[in-house]
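One structure below.
The values are calculated or read from the model by the stated rules, or taken from the named source; none is laboratory data. Everything numeric in this text was worked out from a predicted model, so none of it was measured. Neighbour counts are summed over all protein chains in view; Cβ atoms, including those assigned to glycine, are modelled from backbone coordinates with ideal geometry.
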Amino acid sequence: MATLFISHSVVLQSIAYSTDTHEICYVFLVDGIEKRLTGELHEALGIKGIKCSDELEQFLLALMPMDRNVSKKLSSISWAYAEGEGVELPIPLLGL
């Protein structure tokens, strides 16, 4: 995957979640450009997380130098969405 350069912001525009497969699809707006990435929600021993696709993992790794908690934020938002909590989108994940 090519190196990701971000100069202004990352906004989580929308989420689609399948209760059958636990697949979660994200639409991010990265400096005004739409980016679609996927993952899968999982829980083991009471610990909730996201099993990231390679693309989602690379995306989050590219954001971590600017905000080391970005993966935790996305996981929290994802689980809240999947569990039916009131998640209001769009949500800024990173603003520079």
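Determine the pairs where a residue that is without any contact (Cβ under 8 Å) to a residue 60 or more places away in the chain, located within the range 24-47, has a partner that is surrounded by fewer than 13 Cβ atoms within 10 Å (Cβ to Cβ) and of a type in the set (A, V, I, L, M) with Cβ atoms under 8 Å apart, the partner being 6 or more residues away or on another chain.
From residues that are without any contact (Cβ under 8 Å) to a residue 60 or more places away in the chain, the pairs are 24/16; 25/16.
I'm checking my understanding of the structure. Among residues of the range 76-96 that are buried (at least 17 other Cβ atoms within 10 Å of the Cβ) and out of contact with any Phe, Trp or Tyr (no Cβ under 9 Å at 6 or more places or on another chain), which one is nearest to residue 23 (Cα to Cα)? It would help to see each step written out before you state the result.
Initially, the range 76-96 is screened for residues buried (at least 17 other Cβ atoms within 10 Å of the Cβ), giving 77-79, 81-82, 93-94.
Filter once more, keeping what is out of contact with any Phe, Trp or Tyr (no Cβ under 9 Å at 6 or more places or on another chain): 77, 79, 94.
Values: 77: 14, 79: 12, 94: 23 Å.
Residue satisfying both the conditions and the ranking: 79.
Can residue 73 be described as closer than 18 Å to residue 27 by Cβ, basic (Lys, Arg) and within 12 Å of the chain's Cα centre (by Cα)? Walk me through it before giving the result.
Working: closer than 18 Å to residue 27 by Cβ: yes; basic (Lys, Arg): yes; within 12 Å of the chain's Cα centre (by Cα): yes.
So residue 73 passes the test.
Could you list, in sequence order, the residues of the range 32-66 that are buried (at least 16 other Cβ atoms within 10 Å of the Cβ), closer than 17 Å to residue 9 by Cα and in contact with a helix residue (DSSP H, G or I) (Cβ under 9 Å, 6 or more places away or on another chain)?
35, 37, 56, 60, 63
Among the residues in the range 62-75, are any at pLDDT 95 or above and not in a helix (DSSP H, G or I)?
no
Considering only the range 47-75, state which residues are among the small types (Gly, Ala, Ser) and closer than 20 Å to residue 16 by Cβ.
49, 53, 71, 75
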